[in-house]
Every structure is written in structure tokens, then in C-alpha cells.
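The values are calculated or read from the model by the stated rules, or taken from the named source; none is laboratory data. Small disclaimer: the values here were computed from a predicted structure and weren't measured. Please note: Cβ atoms are built from the backbone with ideal geometry, for glycine as well, and neighbour counts cover all protein chains shown.
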């Protein structure tokens, strides 16, 4: 999800060093790791969660690890207004991101299930890119025997992790638990590259999105920004 977000942001013309990056659900296990990972590459990072007291330790840890002073807030709508790149990973049963919440050119990686991003965003905002997290291209001649709704040779990231660990001969509980270690995320990324696993293209609301389509979204965003000024 993180590598895919970085790649999508680059295609949309965002420089992570200057972009406003927002992680929603940053107090959770996945959100916390996502925030720590992104803190190494960005200068403007906002952590969003329902409980500020739970966000404070995450902010302190990031400051200690990377020297980055992040902003914390419980106001989702306000945080999104100027967000260039958003990673959202909450346990909400309802959508929390609507079409009017996002600025032109925003990139949103929705890792949550059920989704955090309303389907209305896809219908009404042709200037915003919403991608799904956790789809991986598996190397070699593989046949899963099940239809996950993905193109051939692609799987969920959790399945890919199991394959990678098996190839390494490591039969262990690698990423279970609430306090996921950043070091393990970095390690599985290295092992994925070693064995030829890659980001499995881009998907948005259960359909594949091409680089050409993303480029069209980028151009739409530029037009809307120009007209707004």
C-alpha cells in the first residue's frame, strides 16, 4: 500500500518532500506503521484519529525516530481540505471521506474494509485519484484456483507475505499483533524485491486503473486548480 501510494503520488505530480500527507487511523497498528514509514520521506505529516491521547505517543515516537514534528487532530474533514496524499485505514463501518472533502489532485489510498472513501468520489470527482492498498503481483507461473476479482498473478498483500516467508523457509507469525514493527515492514519489502514480488498495478473501486487514466485525472486536477484561481 505504501509503495503504491508513493508511486501514484509521483504520477500525479506530487513531491513527497513538499506534499501535505495525512494518515487517518494513525493510532491503529497499520496506521501507526504507515505514519512512521511516511515520516521518513515527508516534511508535512498530519495524523488523524478519534482519540488525541492515543495519537500523542505515535507523534512522540515519530519525532524521536525521524526528527519530524507532526500535527495531530481528530477533525477528519479539516485535515483533508489541504491534503495532497491521504492514507486511510480505520475500522469505521461508514464512509468518512466524501466528494466535497478532497482538493483537486488529491491521492487517496484506502486500505480500510469496509471502505473509508465513498463511491460518490469516483462518480463525482474526476480530478481525484483513489486507489486500493494491498495488491501484489506474484512472480512466476502461478494459479491460485480462486477468483479474488484481481487480474492473473495478483494477490492480496497478506497472501504475498505468506508466500515470501515460505520461500525464505520462515514459518512464523511475522506481522500479527497490534504493535507491528516498522523493521518488519522494511524487511518484508526487501524480501519481496529479492523474490520478484511487485506492486500489482493500481486498482480503484474494484477496477484496474492505468497510468494513462491517472494522467488524465492529473490533467483534470490542473484544469480545476487553474479555473479556481
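Those helices (runs of 4 or more DSSP H) of the range 99-195 in which 3 or more residues are touching a helix residue (DSSP H, G or I) at 6+ places or on another chain (Cβ under 9 Å), outside the structural domain of residue 84 (by TED's automatic domain parsing) and within 25 Å of residue 28 (Cα to Cα) occupy 157-167, 182-195. Of the residues in the range 160-167, not one is under 30 Å from residue 216 (Cβ atoms) and touching a residue at least 60 places away in the same chain (Cβ under 8 Å). Within the range 166-198, the set of residues being closer than 22 Å to residue 8 by Cβ and out of contact with any strand residue (DSSP E or B) (no Cβ under 7 Å at 6 or more places or on another chain) comprises 182, 185, 186, 188, 189, 190, 192, 193, 196. Among the numbered conditions (1) closer than 15 Å to residue 165 by Cβ; (2) over 18 Å from the mean Cα position of the chain (by Cα), the only one that residue 189 does not meet is (2).
Counting only helices (runs of 4 or more DSSP H) wholly contained in the range 1-84, the ones carrying 3 or more residues that are more than 15 Å from the chain's Cα centre (by Cα) and either in contact (Cβ under 8 Å) with a residue 40 or more places away in the chain or surrounded by fewer than 22 Cβ atoms within 10 Å (Cβ to Cβ) (or both) occupy 52-66, 76-80. Every listed requirement among (1) more than 22 Å from residue 32 (Cα to Cα); (2) surrounded by 11 or more Cβ atoms within 10 Å (Cβ to Cβ); (3) out of contact with any helix residue (DSSP H, G or I) (no Cβ under 6 Å at 6 or more places or on another chain) is met by residue 205 save one, (3).
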